Amino acid sequence: MSTSVRSGLVPWLAQGFSKLVDNTEPADRQLVMLNDRVELLYRQGTVGVIVHTIVISLLTYLFWDQVPHTNLLVWAVVMLILGWTRGIVIYLFRNTDRSVEDAALWASLFVLLIGLVGITWGYAGVWLVPDSTFEQVMYILLLGGTAAGTASTLAPLFFSIVIALSTSLIPLILRFATDGQFEQQVMAGGLVMFFMAMMATARNASDMITLALSLRQENADLVSSLEHERHALEISNRAKTRFLAAASHDLRQPMHAMSLTAAAFRLQDKAHDLDPLFDRLDRSIHTMDGLVTSLLDISKLDAGTVQVTRTPTRISDVFSSVLSEAAVMADAAGNRLETDPTDLVLVTDRTLLESIIRNLVGNAIRHAPGSTVRLSVSPSDNATVVISVCDDGPGIPEALHEQIFEEFFQVDGQSSSRGGLGLGLAIVSRLTHLLGGKVALAPQQHSGARFNVTLPYETAQLETSQADMDDSDYLDALDGLRVVVLEDDADGQAAVLDLMASWGCEAVAGQTAREIVASALVTQGGFVPHVVISDFQLSGGHHGPDEIREFRRHFDDENLPAALLTGETGSDRLRDLDTFGLEVLHKPVRADDLASLLARIAK
């Protein structure tokens, strides 16, 4: 068939079939449902061809002595050819590549063959069936059995059943009805009832198939819609994650500059007249840092990029670190921070555990101001340990004990006044799950809230390490320290230089190693750094580790102490940072943390 003829014929046939069988369905479903109907038509065929061959052979044998041989053989050959042709068409259908658009052509071919077979049966009923009652009854039985099988086979296309039964039965009914014999008229009446019963049965079967195909298509449309929505959601989540990862450096950079600038001005305020102002500034910076960190943390948890590194961890050190950070916030809110003594050492990820407890303590301070916040730990059994953070504040209604771990949920809806986004407990829940544990809000008999974090209990020996310097030793250790600062943000660069000047450091800053090496201070003044501090991601495609290697080559010192500052949060970048063997601080960097780092690596 030529392409032009086919392109014009197929839509016309498809439209005709759709009007006959699926005119109540939406236009976009009609072609798909027609294809499903054709699939059902051609699914059964081989057995039908075999039965057809047996029936025609049996009738030929029965009529052989009473019908002219030529007429009988011509009829039998035509019937066998039509039956075998249908078998060949079924074989081709099953073994030919075809599209949904071809369904109308295959349906037309099937209906054509069925119609020709029906006409041939009708011809036999009028011209070949003998006048004897026995042969007529045998013919009716064989034709009836064939018609019953046809009704079920052609149920996907009801109008094809009408064609098949009408062409095969009505001619025989008319012959018997017009015959003067009583027996033939009785048989005509029986055939009429049989015809009506077959049509009703076929109608019911066709309706059931139509309903099933319609439901199947509705389900397919629903699955397709859900898949589309899921794909769109995945794209949206990936875009959100990429945006937050890409923007993390820019989000953290201004807070980094503000934090260090505030610290530098505090050191220059010898009379301490501005301490209240600096305290408010510190709290604002800390709150802003907490909001950004929460958004970035939940993004990393959603993306599944948080890595767990388990090491022996002294729980008392974790408590001390968290309470030290929370002290200023607790003083402002009127909270008392307490911890039970413990010598427990747990094999876990210290960074993630600190984040869990930090969020719980911060949550207690925000929602239970003026209360006592207590940290404690105790082995639950041989396999688990329970870390508790409790307060004696107003508590949380028991009906909300599960809901509070949802993202952006606030008990009283006052997120702005509380200084949070409602992400803290969601982060706690996910981090605890990463560590193989669970978190729950324990029922309290009186007021207050008690969060229990249950973790796997694996003990280990903790190696004794040299204690860090006291805060009072920092200034002595930093006095006269020569520091190179690589920073491409002007405000951040100025903040670091001001802070280091307050510490008594001699510092020089620039954007690349080449720029600093070429400066007059280095070339003429003989400036040789004790420490290099570099941002990880510098402008112009430069990276901190490469610049640090350049400094080490220039000063011929492969052991020149160096550290990285970064606002990166992406898991790939964080893994890259681990491979450089350098100390890393994440922006925004607190002045005390930077001083501690410089004092430690410059020893």
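Each reported figure results from applying straightforward, stated rules to the coordinates on display, with no laboratory input. On a predicted model such as this, the values are computed, not experimentally measured, just so you know. Don't worry about glycine lacking a Cβ; one is built from the backbone with ideal geometry, like all the others, and counts go over all protein chains shown.
For region 321-383, what ratio Rg/Rh do Cα atoms give with a Kirkwood hydrodynamic radius?
1.01
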Discussion item. Run the simple label-point estimate for Ser166 and Glu458 please: 7 Å along Cα→C-beta, distance reported in nm.
Written reply: 7.9 nm
Practice prompt. Compute the separation of the alpha-carbon centres of region 310-379 and region 513-568 and state it in Å as a whole number.
Written response: 37 Å
Practice prompt. Taking amide H positions as placed in the peptide plane 1.01 Å from N, state which residues far from Arg336 in sequence (5 or more) or on other chains have amide H under 5 Å from it.
Written response: Ser371, Thr372, Val373
Fill in: Per-q log10 I(q)/I(0), region 52-176, q = 0.11, 0.21 Å⁻¹ (Debye; single scatterer per alpha-carbon; no solvent)
-0.40, -1.24
